[in-house]
Amino acid sequence: MSVPPAASNPRAAQDHVAQEERACLARTWADRPGLIGWLTTVDAKRIGLRYIVTALVFFACAGVLALLMRTQLIRPENGFIGPDRYNQLFSLHGSAMMFLFAVPIMTAMGVYLVPLMLGARTISFPRLNAFGYWVYLFGGITIFVAFLLDIGPETGWTSYVPLASPDFSPGKRTDFWSQMVNFTEVSALCVAAEIATSFMVTRAPGMRLDRIPLFAWAQMVTAFMVMVAMPSVMIASQLLQSDRQFGTQFFNAAEGGDPLLWQHLFWFFGHPEVYIIFIPALGMISSIVQTFSRRPIFAHTTMVVALVSIGFLSFGLWVHHMFATGLPPLGNSFYTAVSMMIAIPSGVQIFCWIATLWLGKPRYATPLLFVLGFFALFVLGGLTGVMLASVSLDQQLHDTYFVVAHLHYVLIGGAVFPFLGAFHYWFPKFTGRLMSERAGKWNFWLLFAGVNLTFFPMHWLGLAGMPRRIYTYPAGMGWEWANMVATAGSYLVAVGVLLFVANAVWSLRRGKAAGDNPWEAPELEWATSSPPPPWNFTQVPAVESRTPLWSQGEPAWLRGLRSDKREMLLTSIADAQPRARWACPDPSIWPFFSALALTLQFIWTIFDPWGWVWPSIAIAIAMTIWFWPKKSEPSME
C-alpha cells in the first residue's frame, strides 16, 4: 500500500496543513463580490486605504482653491476673483485642509497600520470603522457640493462670531460649515475609539507597554486627545446652529451672550487639533528614522514620555490664539509659559532622532529625505510659534500674513512632509511595490523649494503689515514682490504634488516588486506578506523585544485561533498576556445605511429643525439591525 507524500514527509505535511489553514482563512475573511462587497467590507486595511485616498482627493481640491487665491494675490487690485467668492475660497480651503485632510490622513494611517504593528488580525469595532468612513466621505462631499452651488462657507475655518451670526452671515453658508464639523468629528471619534481599544487589548502576546512601537504610541495619544478635544467644537457648532435656527443668544453680547465663549470652545479644540495632526507624524518619523539608520530609536522610553507630555500640554495653549481679545494680562502670562514649555518635549524628540541617526548608518532614501525636510521646516515653524507666544509681539502680528506663514510651516513641515515620507515608506506594504526613488527625490526637492518660496516671504509680508483674509491690496504698499514670489512658489508646490500623484499611480501598476520587507524594517507589520491578507496574520506573533524582526529574526508564532470563524486574540493591558478569543463581526451593509441616515439628518437640519426628529427614526432602525445579536456569533470565549 502506497503512503501519501504528506504522511511520509513531516515537513510536507506541515506545509499542507498550513496551506489548508490559509485557504480556510481566505474563505472566512473574504468580502462578498462586486458592489455589495465594496459597500459592506469591514476590513481595516481596505477602509484605511479609502480614508487615505479620499483625504488626498480633498487635499487636491483644497490645493486648487489655494492656487486660485494665490493667483488673485499675484498683483495689487487684481479682478480675477471677487470678494464674495474669495471669502468662500479661503474659508473652504482652511476647513478642508484641517477637517477633511490633515486629521483624517493621520488617523487613517493608524487605521491601516496599528493592527499590523500590534500583531492583531483586525481593528477593534470593525463595523464602527466602516461607519466612520462613510460619515467622513458624505460630509466632505456635502461641503464641496455646497461650494459649487455658491452656498459654501464664508466666515473662515474658525467661523468666529459675530461674523458667523445670522445678522452678519444670513443664508445657509455657515450652517453647511457647522454641519461639516459634525460630520468630521463623528468620524474622528469613531476612529479614536477603535485605535484606543486596539492599543489596549489586541496587542500580540509579550508586547508589554515598553515594547509598543512609537507609531502606535503616537496614535494612542492622538486618540485620547480626539476624545477630549472634539466634543468641544461639536458643542460650539451646535450652539451656533441653535443661535441661527432657534433664536437663542449664546454668542450675542446684546442679549447676555458672550462672543468670546465661541473662541474658548473652538480653540480648546483648535490648538490640540494642531497636535492631533502633529503627534501621528512624530510616530511616522520614529519608524522611518529607526529603519533607515539601522538601529533602535535612541531613548525609547523618553520618546514615549515626550509624546504623552505634548498631548497633555497641548490642552493648555488655546488662549495664545486670543491674546488680542483683552483677557487679563496675568492669565495671558500662564499661556505664554505653556506655549514655550511645549517646545521642550518636541525638542527632546528631535535630539533623540538626531542621536539615532548619528549612532546609526543612515541610508538616505526618499522617506528619510522627507524626514530631514521636516527637521528644517518644522524647526522654523516652531521658532515663529515661540515668537507668537509673546503677548506683545502677538498683538502686533495678529491676523497678519506672519501668522499664515507660521501656520503653514508647522502644518506642512510637521504633517505633510512626514506623511509623504511615510507614504513612500509604507507604499510597499499597501501595494507590494516600491515607488520610484528618482521621482521621489525630485518630488522632495520640488516641494521643499516650493514651500519655502511660498511661505517664507509671508513672514516679511506680516512684518510689513499685510492683513490676512483680504482679496486684494492697493499698489504702492511694497507688498508686490513678496506676493509674486509666493504665488510662483505655490505653482511649484502644485508641480511637486502632481509628480507625487504620477509616481504613485505609475508605481502601483509598474513599480518594482517589493517583497515582504524591502526596507529590512524591525516592526511587526513587516512580518506578514505585502500587501497583507485580510486576516493580517495566519498565526498570532509573540514579541520578546521592541524590534522583533531584528532581535528575534522572526517572531514566534502561537496557534489557537480558529480559521473557520473570524476570531482575534485579546490580551491584558499592561503585559499583553492572552485573555480571550473575540469573535469579530462579519461584513454588514448597516453601517453604510446608518451613515446615510445620519447624513440625511445633518443636511435636513440645515433647512428645517424637524430634521432632528424624523431621520432619527431611520437611524434608530438601521442601528438596531446593525447591533442585533446573532445566536451563531458568540462575542467572546
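Please treat every number below as a calculation from the coordinates, not as lab data. Note that this is a predicted model, so its numbers are computed, not measured. Cβ: placed from backbone, ideal geometry, glycine included. Neighbour counts: every protein chain shown.
If the only charges are +1 at each Lys and Arg Cβ and -1 at each Asp and Glu Cβ, what is the size of the charge dipole of region 151-239 around the Cα centre, to the nearest 20 debye?
Numbers: 5 positive and 6 negative charges, 72 e Å.
Taking the Cα centre of region 151-239 as origin, the dipole is about 340 debye.
Relative to the present Cα-Cα distance, how much length would full extension add between VAL57 and LEU163 at 0.36 nm per residue of separation?
Working: separation 106, 0.36 × 106 = 38.16 nm, distance 2.98 nm.
Here the segment from VAL57 to LEU163 would lengthen by 35.2 nm.
So how much slack lies between LYS512 and SER392, counting 0.36 nm per residue of separation and subtracting their Cα-Cα distance, in nm?
Values: separation 120, 0.36 × 120 = 43.20 nm, distance 5.53 nm.
37.7 nm is the gain from fully extending LYS512 to SER392.
Applying 1/(1 + (r/R0)^6) with R0 = 56 Å to the Cβ-Cβ distance of ALA449 and ARG559, what FRET efficiency is obtained, to the nearest 0.05?
Numbers: r = 54 Å, r/R0 = 0.96.
Calculated transfer efficiency: 0.55.
How high is the FRET efficiency from ARG363 to ARG438, r the C-beta distance, R0 22 Å, rounded to 0.05?
Working: r = 16 Å, r/R0 = 0.71.
Between ARG363 and ARG438 the formula returns 0.90.
Between beta-carbons, use under 11 Å as the cut-off and find the net charge around VAL233, counting Lys and Arg +1, Asp and Glu -1.
Working: positive: none; negative: GLU185, GLU273.
My count for the surroundings of VAL233 gives -2.
For the chain, what does -39500 (n - 2.57) per DSSP helix run (n ≥ 4), summed and divided by total residues, give at 222 nm, in deg cm²/dmol to the nearest 500? Don't skip to the end; give the middle numbers.
Values: 22 runs with 403 residues, N = 637.
Calculated from helices alone, the mean residue ellipticity at 222 nm is -21500 deg cm²/dmol.
Of VAL505, LEU463, GLY440, which is farthest towards the positive pole of region 406-550's charge dipole, taken about the Cα centre with +1 and -1 on the beta-carbons of Lys, Arg and Asp, Glu respectively?
VAL505
For a Förster distance of 25 Å, can you work out the FRET efficiency between the beta-carbons of ALA355 and PHE224, rounded to the nearest 0.05?
Values: r = 28 Å, r/R0 = 1.11.
Calculated transfer efficiency: 0.35.
Please report the relative contact order for the chain, taking Cα pairs under 8 Å with a sequence separation of at least 6, and give it as a percent rounded to a whole number.
Values: 1048 pairs, mean separation 120.5, N = 637.
Relative contact order, the chain: 19 percent.
Once you keep just the Cα pairs under 8 angstrom separated by 6 or more residues, what percentage relative contact order results for region 53-131? Present the calculation step by step, with values, prior to reporting the outcome.
On the way: 43 pairs, mean separation 27.6, N = 79.
Averaging sequence separation for qualifying contacts and normalising by length gives 35 percent for region 53-131.
On each of the three principal axes of the Cα atoms of the chain, give max minus min coordinate, whole Å, ordered largest first.
Principal extents (largest minus smallest coordinate, Cα): 100, 60, 48 Å.
Give me the extension gain from PHE375 to ALA324: residue separation times 0.36 nm, minus the current Cα-Cα distance, reported in nm with one decimal. Don't jump to the answer; show the numbers that get you there.
On the way: separation 51, 0.36 × 51 = 18.36 nm, distance 3.06 nm.
Using 0.36 nm per residue and subtracting the Cα-Cα distance, I get 15.3 nm.
Give me the net charge of SER572's neighbourhood, meaning all other residues with Cβ under 15 Å from the Cβ of SER572; Lys, Arg count +1, Asp, Glu -1.
Details: positive: ARG203, ARG208, ARG211, ARG579, ARG581; negative: ASP210, ASP575.
That sum, taken over residues with Cβ under 15 Å, equals +3.
Please tell me the relative contact order of region 518-574 in percent, rounded to the nearest whole number, where contacts are Cα pairs under 8 Å and at least six residues apart. Numbers along the way, then the final one.
Details: 44 pairs, mean separation 17.5, N = 57.
About 31 percent, as a whole number.
A 32 angstrom limit on the alpha carbon distance is what I want to check against. Which of LYS172/LYS429; LYS361/LYS429; LYS172/LYS630 exceed it?
Working: LYS172/LYS429 44 Å; LYS361/LYS429 23 Å; LYS172/LYS630 44 Å.
Over 32 Å Cα-Cα: LYS172/LYS429; LYS172/LYS630.
Tell me, what ³J(HN,Hα) does each residue in region 119-130 have, in order and in whole Hz, if you take phi through Karplus 6.51 cos²θ - 1.76 cosθ + 1.60 with θ = phi - 60° and put x for Gly and Pro?
x, 9, 7, 7, 7, 5, 6, x, 5, 4, 4, 5
Calculate the spin-label point distance for VAL64 paired with CYS24, positioning each point 7 Å from the Cα along the beta-carbon direction, and give it in nanometres.
Calculated label separation equals 5.1 nm.
Where the only charges are on Cβ atoms (+1 Lys, Arg; -1 Asp, Glu), what is the dipole of region 493-637 about its Cα centre, to the nearest 20 debye? Could you put the intermediate results ahead of the total?
Details: 12 positive and 13 negative charges, 65 e Å.
With only Lys, Arg, Asp and Glu charged at Cβ, the dipole is about 320 debye.
What is the spin-label model distance, in nm, from TRP481 to ILE141 if the labels are put 7 Å beyond Cα along the C-beta direction?
Computed distance between label sites TRP481 and ILE141 equals 5.0 nm.
Along the charge dipole of the chain, Cβ charges K/R +1 and D/E -1, which of ALA216, THR41, ALA365 sits furthest on the positive end?
The one lying farthest along the dipole's positive direction is ALA365.
Under a Cβ-Cβ cut-off of 14 Å, what is the net charge of the residues other than GLY140 that fall near it, where Lys and Arg count +1 and Asp and Glu count -1? Please report the intermediate quantities before stating the final value.
Details: positive: ARG50; negative: GLU185.
Local charge sum for GLY140: 0.
In debye, nearest 20, what is the charge dipole magnitude of region 201-325 about its Cα centre with +1 on Lys and Arg Cβ and -1 on Asp and Glu Cβ, if you could check? Please report the intermediate quantities before stating the final value.
Numbers: 6 positive and 5 negative charges, 165 e Å.
The dipole magnitude comes to about 800 debye.
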